[in-house]
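What follows is one structure encoded as C-alpha cells, with my remarks underneath.
Values quoted throughout were computed directly from the atomic coordinates according to the rules given, and no laboratory measurement underlies them. Since this is a predicted model, take the numbers as computed values, not measurements. With ideal geometry, Cβ positions are generated from the backbone for all residues, glycine too; neighbour counts draw on all protein chains shown.
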Amino acid sequence: MDKDLPSEKATESPITGAVVPPSLASPDAERDQLGEEFELVTGPARSLRADAMRRLRRNKLALAGLVWIVLVILVAVTADLWAPRWLGDPVEIDSTTAAQRMLLPPSWEHPFGTDKLGRDIASRVVYGARVSLIVGVVAVAIMVLIGLIMGGIAAYYGGIWDAIIMRLADVFFAFPYILFAITLIAVLGRRGIENVFFAIGFLGWPSIARVFRSSVLSVKENEYVDAARAMGASTPRILIRHIMPNAVAPIIVYATMSIGGAILTEAALSFLGMGVQPPDPSWGNMLSDARAFMQSAPHMMIFPGLAILTTVLAFVLLGDGLRDALDVKLKE
Amino acid sequence: MAPLLEVDDLHMHFFTRDGVVKAVDGVTFTLEAGRTLGVVGESGSGKSVTALSIMRLVPEPPGKVVKGDIRFKGESILGLSDKDQRRLRGNRIAMIFQDPMTSLNPVYRIGQQIAEPLRLHKGMTRKEAWAAAVELLKRVGIPQAEERARSYPHEFSGGMRQRAMIAMALACGPDILIADEPTTALDVTIQAQILELMQEIQQNTQSAIILITHDLGVVADMADHILVMYAGKAVEYGVADDVFYDPLHPYTWGLLESIPRHDVEEKGALTPIKGQPPSLITLPPGCAFSPRCAYARPECRRKTPELVEVERGHYSACLFAQDTDFIAQFENRVVRVGAEPRRRG
C-alpha cells in the first residue's frame with residue numbers, strides 16, 4: 001500500500017513527535033497534501049439551525065403565518081391592559097344598559113358588534129384567543145410528550161414493545177375522535193378547560209408516536225448511532241443526545257400543525273358545550289351562541305369564525321414552511 | 001501476564017426466523033499490546049461480527065455467544081454487566097467505522113463529538129474536554145484545529161472525517177483500536193494517508209490494532225498477524241509474512257491471486273474466486289469452501305477440516321495443508337504479492 005512513500009529521509013513531526021515522512025512534516029506540505037480537502041472547508045461554519053432559519057425566512061406564506069401567530073399571542077397576553085377599558089368587559093353584563101346594547105352591529109364603539117347580552121364581541125374574541133392558545137399549546141405539549149416517549153420506546157427497543165405500543169395506537173385511531181373526546185370529558189366529570197387539554201393530548205399522541213417511531217427507525221440505522229454505542233454511551237443518552245436531535249424535525253412540523261388542530265378541536269368541544277363553559281368566552285362557545293342569531297346578527301358568528309380560521313391557517317402555514325425549512329434533502 | 005486480548009473459540013450465532021445464522025463459528029486468536037492483527041475475508045465471512053462481539057455491540061437477541069470466550073487482560077468480558085461493558089467501550093477498546101460520511105452525528109460540532117468520550121469516561125468538564133479534542137485533532141493531522149473543531153461534519157471531506165473518527169477513538173487512549181474497513185469508503189491516496197496515520201499513532205501509543213478488511217493489500221504493510229476468515233470460520237492464521245509468502249489455504253491463495261499488482265506484467269487477467277460465499281444458515285457439508293475451491297477433492301465434501309498448526313505458529317483449516325504436493329500446486333501458480341522484501345514502519 002504505502003510502498004511508494006517518498007524515499008527522502010524521514011523527520012520528526014513537531015506535533016506528534018512521531019517519525020513521519022517529510023511530505024507530512026511541515027504544515028505547508030501538509031496543506032498541499034490536503035489541498036483538495038481544504039477547498040471544501042473554507043467559509044464560515046453554518047449550523048443546520050441557521051440554514052433552516054434562512055430557508056424559513058424566504059417562505060412568504062410561512063412568514064405571514066408566523067407574524068399572525070405572534071400578533072395573536074401579543075393580543076392575548078396583553079389583553080388585560082386594554083381590552084376591558086377600550087372595548088368592554090368580556091364577561092360582566094351591565095344589566096342597566098344591556099337591553100339597549102344587545103346585538104348591535106359593528107361600530108366604532110364596538111368594532112365587532114355586541115352579542116345577545118350586550119357584551120363586546122371584540123373583547124370576547126380577544127379573551128377567547130387566550131383560551132385557544134393555551135389549549136393549543138398545552139394539549140399539544142401533552143400529546144408530544146406522550147408521543148415521543150411511546151414512539152421512542154417502540155422504535156428503539158422494537159419487538160414486543162413496538163407491537164404493544166403500535167397496536168394501542170391503532171386502537172386509538174379506530175375511535176371517532178370527537179366522540180371519544182366527549183366521552184372522555186364526560187367520564188372525567190367536571191367540564192372545564194383542564195379536561196379539554198387532557199382529552200386532546202391523550203387522544204392525539206398516537207399520531208406523534210407514529211411519526212416519531214418511523215423517524216427514529218430511520219435515524220437509528222445511521223453509523224453515528226453505532227459509533228455512540230461504541231463510545232460507551234448508555235441507551236438513554238443515545239436516545240436523547242444522538243437520536244432525538246436528528247429525528248425531531250418531523251415532530252416540530254407535526255406539532256405546529258397540531259396546535260391548529262387542537263384549537264379547532266377545542267372550538268368544536270366548546271361549541272358542543274363540552275369545553276369552556278359560559279360565561280367565559282371561547283371561540284367555540286361564541287359560535288354556539290351565534291347559531292340562534294345567524295340571520296339577524298351575522299357578526300356574532302363571523303368574527304369568532306374568522307378568528308378560528310385565520311389562527312388555524314397560520315399554524316398550518318407555519319408548519320408547512322417548517323417542513324420545507326427542516327428538510328435537509330430539499331437543499332437548493 | 002495474560003495477553004491483552006484473547007478470543008477463544010468464539011461462536012456467535014444469530015437466531016432468526018429463517019434459522020440459525022452461524023456468523024462466527026469458531027474463531028481463536030490472541031492480540032498483544034502494540035501489535036496489529038489483520039482480519040481478512042469476503043463480505044459475510046464474519047469479520048465485522050467478530051469485531052462487534054469484542055465490542056459487545058452485537059444485539060442479543062437475536063445474537064448469542066453459544067460457545068467460546070473473549071478475555072480482555074485475562075478477564076472474560078462476556079459476563080460483564082451493562083455498566084462495566086460501557087466502561088470498556090470507547091475507553092479501553094475503541095472502534096473506527098467504515099463510512100466516515102455517516103459515522104459522525106450531523107447536529108454536533110466535530111469538537112463536541114471528539115470531546116464526548118472524554119466527558120463520558122474521564123469525567124472532564126466541557127472546557128477541558130474541548131481543549132483535549134483540539135489537541136487530538138492536531139494529532140491526527142487536521143490543520144487549524146481550533147477553528148476546525150467548531151465545524152460541523154458536513155463541512156469536512158471524507159478523509160478529514162475519518163481523521164476526526166480516529167481522533168474520537170483515540171480520545172481515551174484505548175488499549176485496543178478496532179478498525180472495521182476504515183479505508184473502504186475513501187479514495188486511494190486518502191487510504192494511504194489514513195493507514196499511515198494509524199501506524200504513526202500505534203508507534204506513539206502502543207495500542208493494539210485489529211484491522212478488518214477485505215483487501216489483503218491494505219493489511220500487507222501494517223499487520224503483524226493475519227487471520228483469514230471464510231463463512232464464519234478462521235481458515236488461516238499466522239504471522240503476516242508466513243501467510244503472504246507461504247499461504248497454506250486455497251482461499252488465501254485465491255485472495256492473493258485476485259489482488260491487482262504493479263510488479264507483474266499486466267498481460268493476464270486477475271483470477272477471481274468463482275462463485276458466492278455460502279449461506280450461513282445452510283453451510284455446505286464438509287469444508288465450507290470446497291464448492292468454490294479449484295483444488296477440491298472428494299474428501300473435502302465429507303470431512304470438515306479443523307484449524308491445525310501446520311508450521312510453527314501458522315495454522316490452516318485445509319485438509320491437505322500438510323500435503324506438500326498439494327501445496328506445491330500453488331507454489332507454481334501463485335506470483336507472490338510484493339516479491340521484493342517489504343519495508344516496515
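How many nm separate the modelled label positions at A:Asp324 and A:Ala64, each set 7 Å beyond the Cα in the direction of the Cβ?
The two pseudo-label positions are separated by 1.2 nm.
Within a 10 angstrom radius of each residue's Cβ in B:194-205, how many Cβ atoms of other chains show up on average? Whole number is fine. Could the numbers behind the result be given before it?
Numbers: counts 0, 2, 6, 4, 0, 3, 8, 2, 1, 5, 5, 2.
Mean number of neighbouring Cβ atoms from other chains: 3.
How do A:Tyr157, B:Tyr152 rank when sorted from fewest to most other Cβ atoms within 10 Å of their own Cβ?
A:Tyr157, B:Tyr152
Assuming R0 = 35 Å, can you tell me the calculated FRET efficiency for the pair B:Thr282 and B:Thr189, based on Cβ-Cβ distance, to the nearest 0.05?
It comes to 0.25.
Using a 10 Å cut-off on Cβ to Cβ distances, tally the other chain neighbours for every residue of B:147-155 and report the average as a whole number. Numbers along the way, then the final one.
Values: counts 3, 2, 1, 2, 5, 5, 1, 7, 7.
Counting Cβ atoms of other protein chains within 10 Å of each residue's Cβ and averaging gives 4.
Want the number for B:Glu306 to B:Glu32: 0.36 nm per residue separation, take away the alpha-carbon distance, what's left? Write down the numbers at each step before the final one.
Numbers: separation 274, 0.36 × 274 = 98.64 nm, distance 2.44 nm.
Full extension of this stretch gives 96.2 nm more.
Sorted by packing (mean other beta-carbon atoms within 10 Å per residue), highest first, where do B:313-324, A:143-154 land?
On the way: B:313-324: 19.6, A:143-154: 21.9.
Order by mean packing, descending: A:143-154, B:313-324.
Using 1/(1 + (r/R0)^6) with R0 = 60 angstrom and r between the beta carbons of A:Ile73 and B:Lys83, what's the FRET efficiency to the nearest 0.05? Don't skip to the end; give the middle numbers.
Details: r = 46 Å, r/R0 = 0.77.
Computed FRET efficiency for A:Ile73 and B:Lys83 comes out at 0.85.
For the range A:138-201, treating each Cα as an identical point scatterer without solvent, what Debye log10 I(q)/I(0) comes out at q = 0.16, 0.18, 0.19, 0.23 1/Å?
-0.62, -0.74, -0.80, -0.98
Report the Cα-based extents of the range A:70-122 along its three principal axes, largest first, to the nearest Å.
Each principal axis gives a Cα extent; for the range A:70-122 these are 36, 19, 15 Å.
For the cross-link pairs A:Lys220/B:Lys233; B:Lys22/B:Lys47; B:Lys47/B:Lys67, which exceed 20 Å when the distance is taken from alpha carbon to alpha carbon? Walk me through the intermediate numbers first.
On the way: A:Lys220/B:Lys233 30 Å; B:Lys22/B:Lys47 12 Å; B:Lys47/B:Lys67 17 Å.
Beyond 20 Å: A:Lys220/B:Lys233.
Using a Gaussian network model on chain B with a 10 Å cutoff between Cα atoms, which of B:Thr28, B:Thr184, B:Thr16 fluctuates the most?
B:Thr16
Residue separation times 0.36 nm, minus the C-alpha to C-alpha distance between A:Asp170 and A:Ser296: what's the value?
Numbers: separation 126, 0.36 × 126 = 45.36 nm, distance 4.55 nm.
Answer, rounded to one decimal: 40.8 nm.
Please give, to one decimal in nm, the separation of the simple spin-label points placed at B:Gln329 and B:Glu299, each 7 Å out from Cα toward the Cβ.
Going by the 7 Å Cα→Cβ label model, 1.3 nm.
Rounded to a whole number of µm²/s, how large is the Stokes-Einstein D of the range B:1-146 at 4 °C and 1.567 mPa s, given Rh as the Kirkwood radius over C-alpha pairs? Please list the in-between numbers first.
Working: Rh = 17.4 Å.
After rounding, the answer is 74 µm²/s.
Based solely on its DSSP helices, what 222 nm [θ] is calculated for the protein assembly as shown when runs of n ≥ 4 H residues each add -39,500 (n - 2.57) and the sum is averaged over all residues, nearest 500 deg cm²/dmol?
Result for the protein assembly as shown: -15000 deg cm²/dmol, rounded to the nearest 500.
Please check which bits of the range A:254-269 a label hung off A:Ile178 would reach, taking the label as a point 7 Å along Cα-to-C-beta and the cut-off as backbone N under 16 Å.
A:261-269, by backbone N distance to the label point.
Residues in the range A:109-128 near a label at A:Gln100, defined as backbone nitrogen under 19 Å from the 7 Å Cα→Cβ point?
Taking a point 7 Å out along Cα→Cβ of A:Gln100, the residues of the range A:109-128 whose backbone N falls under 19 Å are A:109-111, A:113-121.
As an exercise, use a Förster radius of 30 Å and the Cβ-Cβ distance of B:Glu146 and B:Asn204 to find the FRET efficiency, rounded to the nearest 0.05.
Values: r = 22 Å, r/R0 = 0.73.
My answer for the efficiency is 0.85.
Expressed as a whole number of Å, what is the distance separating the alpha-carbon centroids of the range B:205-233 and the range A:237-289?
Here the two parts' Cα centres lie 57 Å apart.
Within a 10 angstrom radius of the beta carbon, how do A:Trp82, A:Trp68, A:Trp108 rank from fewest other beta carbons to most? Kindly include the intermediate steps, with their values, before the conclusion.
Values: A:Trp82 12, A:Trp68 17, A:Trp108 5.
Ordered by Cβ neighbours within 10 Å, fewest first: A:Trp108, A:Trp82, A:Trp68.
Show the residues, 5+ positions off or on another chain, whose built amide H is closer than 5 Å to the amide H of B:Met95.
B:Gly90, B:Ile178
Determine the dipole magnitude for the protein assembly as shown: charges of +1 sit on the beta-carbon of Lys and Arg, -1 on that of Asp and Glu, nothing else is charged, the reference point is the Cα centre, and the result goes in debye to the nearest 20.
The dipole of the protein assembly as shown has a size of about 2220 debye.
List the GluC sites (Glu not before Pro) within the range B:1-59 that fall in a DSSP loop (any state other than H, G, I, E or B) and whose Cβ has at most 14 other Cβ atoms within 10 Å. Walk me through the numbers before you get to the answer.
Values: sites: B:Glu6, B:Glu32, B:Glu42; in loops: B:Glu32, B:Glu42.
Hits after loop and neighbour filter: B:Glu32.
Could you tell me the distance between the Cα centroids of the range A:50-95 and the range B:116-156, to the nearest Å?
Result: 44 Å between the Cα centres.
For the protein assembly as shown, what is the Kirkwood hydrodynamic radius in Å, using each pair of distinct C-alpha atoms? Please list the in-between numbers first.
Numbers: mean 1/r = 0.0335 Å⁻¹.
About 29.8 Å for the protein assembly as shown.
From the alpha carbon gyration tensor of the range A:162-244, can you work out the equivalent ellipsoid semi-axes (sqrt of 5 times each eigenvalue) and give them in Å, largest to smallest?
On the way: eigenvalues 258, 41, 16 Å².
Whole-Å semi-axes of the equivalent ellipsoid: 36, 14, 9.
Relative contact order of the range A:157-288, please, whole-number percent, based on alpha carbon pairs below 8 angstrom and at least 6 residues apart.
Numbers: 95 pairs, mean separation 34.5, N = 132.
For the range A:157-288, the relative contact order is 26 percent.
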